[in-house]
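Quick notes on the structure that follows.
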Amino acid sequence: MVTKLAALLSVLAVGGGLSTAVAQQAPTENKGMKAEALSGFALGKQGLEDLAQRQMRIRQITIEPGGVAGFHSHKDRPALSYIMKGGLTEHRKGGPDRTYKAGEVITESTDVDHWAENTSSEPVILISADLFKE
């Protein structure tokens with residue numbers, strides 16, 4: 001009986017020690033972290049009155065060499081697209097053509113109508129976050 005009681009107390013002591021190690025105090029300050037705003041726009045200035053019917057999503061988009069994203073409007077779907085790899089030439093209605101490279105952001109507010117092409121020899125990879133209507 002004493003042996004079983006000692007074994008049980010040993011298990012409880014080890015288990016209690018493990019729960020203490022797992023339940024560490026959560027840090028309240030950031031350390032070794034940097035957050036840098038790359039682009040943005042005020043949702044209230046986008047003219048969208050149906051935010052309750054929208055979903056925020058993030059996608060990875062790959063455009064192969066010679067590939068295009070056909071002409072489209074962001075009137076109902078504002079987006080921010082981060083170029084992860086490669087280069088992309090944007091043809092924006094009412095504006096000059098612009099080539100984006102890795103690390104840059106295409107800001108696509110509701111007043112943007114455009115198309116884009118990959119004229120390079122490597123795929124372009126974008127991470128695009130948009131506010132689309134379900």
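Estimated at 0.36 nm per residue, the fully extended path between Arg59 and Thr99 surpasses their Cα-Cα distance by 12.3 nm. Between the C-alpha center of segment 25-46 and that of segment 113-134 there is a gap of 23 Å. Within the shell defined by Cβ-Cβ distances under 10 Å, the residues around Pro123 carry a net charge of -1, with Lys and Arg each +1 and Asp and Glu each -1.
For a test of the definition: using alpha carbon positions, the gyration tensor, and the 1.5 limit on a/c, classify segment 29-134 as rounded, prolate or oblate. Write down the numbers at each step before the final one.
Values: a/c = 1.84, a/b = 1.14, b/c = 1.61.
Oblate, because a/c is 1.5 or more while a/b does not exceed b/c.
Between Asn30 and Phe132, the modelled label-to-label distance comes to 3.0 nm, taking each label 7 Å out from Cα in the direction of the beta carbon. Ligands, DNA and RNA left out, the 1.4 Å accessible surface of segment 22-109 is 52% carbon and sulfur atoms. For a straight C-alpha distance cut-off of 19 angstrom, the aspartates and glutamates reachable from Lys45 (same-chain residues fewer than eight places away being disregarded) are Asp76, Glu108, Asp111, Asp113, Asp130. Over all other residues within a Cβ to Cβ distance under 13 Å of Arg57, the charged ones net out to +2, with Lys and Arg as +1 and Asp and Glu as -1.
The values are calculated or read from the model by the stated rules, or taken from the named source; none is laboratory data. Bear in mind the structure is a predicted one, so any value in this text is a computation, not a measurement. Positions of Cβ are backbone-derived with ideal geometry, glycine not excepted, and every protein chain shown enters the neighbour counts. Calculation scope for accessible area: heavy atoms of the full protein, side chains included, ligands and nucleic acids excluded. Shrake-Rupley method; radii C 1.70, N 1.55, O 1.52, S 1.80 Å.
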